[in-house]
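Each value in this text was obtained by applying a stated rule to the coordinates, not by laboratory testing. This structure is a prediction, so every number in the text was calculated from the model and none was measured. Cβ placement follows ideal geometry from the backbone for every residue including glycine, while neighbour counts extend to all protein chains displayed.
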Ligand code: GUN
């Protein structure tokens, strides 16, 4: 069994990006610049956004963090997005999700210029992805693709089962795995809360990608011998074994499932760090105007 080490791979990618940024600046170019908007004080979102800002510093990017109260109006948030759209120094903009209930997430997503949408969530970029046109790929599925590629996991003709159909992970993941390229060319089954016989379907998966947000949902009896298992879940659960009293758990019962796998991602240190590496990659692509 081989561990798909997202932490190491993400650090490798960050080093590659840092080298490229240094060359860019040495040849008179400008520093890539990522802006993030964080609304409210959700603990998980705070952690993710501060990790993104820290990663920008590490590779030599500029970053701007705009913090807004959770009572901010949709109008004010849209005005902030527009301000960043119009700021020629900023190459990429992300609005951390989820947003408070009184704000229409899709309206905000559509307000971001597709040319700065380094999350790849704008309908124009989702369409471009589906048509295999150059675009900013959504960071979590693209991070998984990059991990499969760097570890040379075979995907062509394999049965890939994705659990979860979110706009951020499951749905784009199913599109990318079915593309006519490597990693891809898989036969993809996208499963969700209404799927019948989920266990039996999972048992036929050569590659199982789990993104439903239920700790330890996938157990050993659901996994085929020799499968590659990718765990996107990350849930904080109470634990009496750690100093903090909390532990991060994936959607896969790691210890029992790992024994059956050819490849598996750990939690933490698997998919999570890859997401940040791809966000940086997208921001660099944007600053070099390589997509649009
Ligand atoms: N919330 C959970 N994942 C993501 C992500 O990749 N980007 C943004 N903007 N918000 C998220």
- Note on the structure: Between the alpha carbon centres of the stretch 250-270 and the stretch 153-182 the gap in Å comes to 18
- the stretch 248-292: radius of gyration and largest Cα-Cα distance (Dmax), Å: 15.7, 46
- Note on the structure: Computed Rg/Rh for the stretch 180-232 (Cα atoms; Rh = Kirkwood radius) stands at 0.95
- Message: Quick check: Cα centre of the stretch 106-123 to Cα centre of the stretch 1-62, how many Å?
- Response: 19
- For the Cα atoms of the chain, what angle does the longest principal axis make with the long axis of helix 6-26, in degrees from 0 to 90, nearest 10? 30
- Message: Counting only helical runs of four or more DSSP H residues, what would the 222 nm mean residue ellipticity of the chain come to if each run contributes -39,500 (n - 2.57) and the total is spread over all its residues?
- Response: -12000 deg cm²/dmol
- Query: Put a dot 7 Å past each Cα toward the Cβ at residue 1 and residue 44; how far apart are the dots in nm?
  - Reply: 2.5
- Between the helical axis of 74-86 and the dominant principal axis of the chain, each derived from Cα atoms, what acute angle in degrees is found, rounded to the nearest 10? 70
- Query: Which of rounded, prolate, oblate describes the stretch 206-292, given a ≥ b ≥ c as roots of the alpha-carbon gyration tensor eigenvalues and a/c under 1.5 marking rounded, otherwise prolate only if a/b is larger than b/c?
  - Reply: oblate
- Item | Approximate shape of the stretch 28-99 as ellipsoid semi-axes (Cα gyration tensor, √5λ), whole Å, largest first | 22, 17, 6
- State the antiparallel share, in %, of DSSP beta bridges confined to the chain, rounding to the nearest 5. 10
- Query: Rounded if a/c is under 1.5, else prolate if a/b beats b/c, else oblate: with a ≥ b ≥ c from the C-alpha gyration tensor eigenvalues square-rooted, which is the stretch 136-292?
  - Reply: oblate
- If one takes the longest principal axis of the Cα atoms in the chain, at what angle in degrees, from 0 to 90 and to the nearest 10, does the Cα axis of helix 271-287 lie? 30
- Query: Stretch residue 15-residue 66 to full length: gain in nm at 0.36 nm per residue minus the Cα-Cα span?
  - Reply: 15.7 nm
- Message: Let me check against my output: what whole-number percent is the relative contact order of the stretch 163-292, with C-alpha pairs under 8 Å and at least 6 apart?
- Response: 19
- Query: For residue 180 and residue 79, what is the calculated FRET efficiency with R₀ set at 51 Å and r taken between the beta-carbons, to the nearest 0.05?
  - Reply: 0.75
- Message: Over the stretch 115-193, what is the relative contact order in percent, taking alpha-carbon pairs closer than 8 angstrom and at least six residues apart?
- Response: 28
- Applying the gyration tensor rule to the Cα atoms of the stretch 91-199 (axes a ≥ b ≥ c; rounded if a/c under 1.5, else prolate if a/b exceeds b/c, else oblate), the class is oblate
- Query: What translational D, rounded to a whole number of µm²/s, comes out for the chain from Stokes-Einstein when the hydrodynamic radius is the Kirkwood one over Cα pairs, at 37 °C and 0.692 mPa s?
  - Reply: 166
- Taking only C-alpha pairs under 8 Å that are 6+ residues apart, what is the relative contact order of the stretch 128-239 in percent? 24
